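Report on the structure given below.
Each reported figure results from applying straightforward, stated rules to the coordinates on display, with no laboratory input. Everything quoted here is computed from the prediction, not taken from an experiment. In this analysis, Cβ positions are derived from the backbone assuming ideal geometry, glycine residues included, and neighbour counts consider all displayed protein chains.
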Amino acid sequence: MSADRRRYLLLLPAPEEEWAQLPESEHEHGMENHRRFHEALAARGHALVLASPLEPSSEAISLRNTGRGSAVVTDGPFTETAEQIVGFYLVESDDEPDLFELVRAFAEGGDHVELRRLAAG
């Protein structure tokens, strides 16, 4: 990675239960939005490092510090929220404004996206 390239994490929060109940046509629309996003990233010189959906939050394992030198391990989601992180993208780019425009178009296509810069290390 060159010195002027940065990495960005795109988190995809969504209401898992709602999504599971949508008709197949909505799922197809969502997949098409992801396909367009992948193509746009490549066409404009942004590197898709890694992308993946996540298993349902009901399959998560939460580990929480007890404050006494141990951790409590529980099954299921760590937080009780209406939306869970259902997938992510790790993207490398040297053009943040352009990447932001692509992510905006991706969100306008129907996906909620949280864009985060990876801290310089």
The Cα extents of the range 6-117 along the principal axes, largest first and rounded to whole Å, are 50, 37, 17
For the chain, longest principal axis from Cα atoms; helix 96-108 axis from its Cα atoms; angle between them, nearest 10 degrees, is 70
Full extension between S70 and L48 adds, at 0.36 nm per residue less the Cα distance, a length in nm of 4.2 nm
Of the candidates T74, A42, A60, the farthest towards the positive dipole end of the range 25-101 (Lys/Arg Cβ +1, Asp/Glu Cβ -1, centred on the Cα centre) is T74
Most exposed first, judged by fewest Cβ atoms within 10 angstrom, Y89, Y8 run Y8, Y89
In degrees, nearest 10, the alpha-carbon axis of helix 24-43 is tilted away from the dominant principal axis of the alpha carbons of the chain by 50
Helix-only [θ] at 222 nm, the chain, -39500 (n - 2.57) per DSSP H run of 4+, per residue, nearest 500, equals -10000 deg cm²/dmol
In order over the range 45-56: 3J(HN,Hα) from phi, Karplus 6.51/-1.76/1.60, θ = phi - 60°, whole Hz, x for each Gly or Pro, gives x, 8, 9, 7, 7, 7, 8, 6, x, 10, 5, x
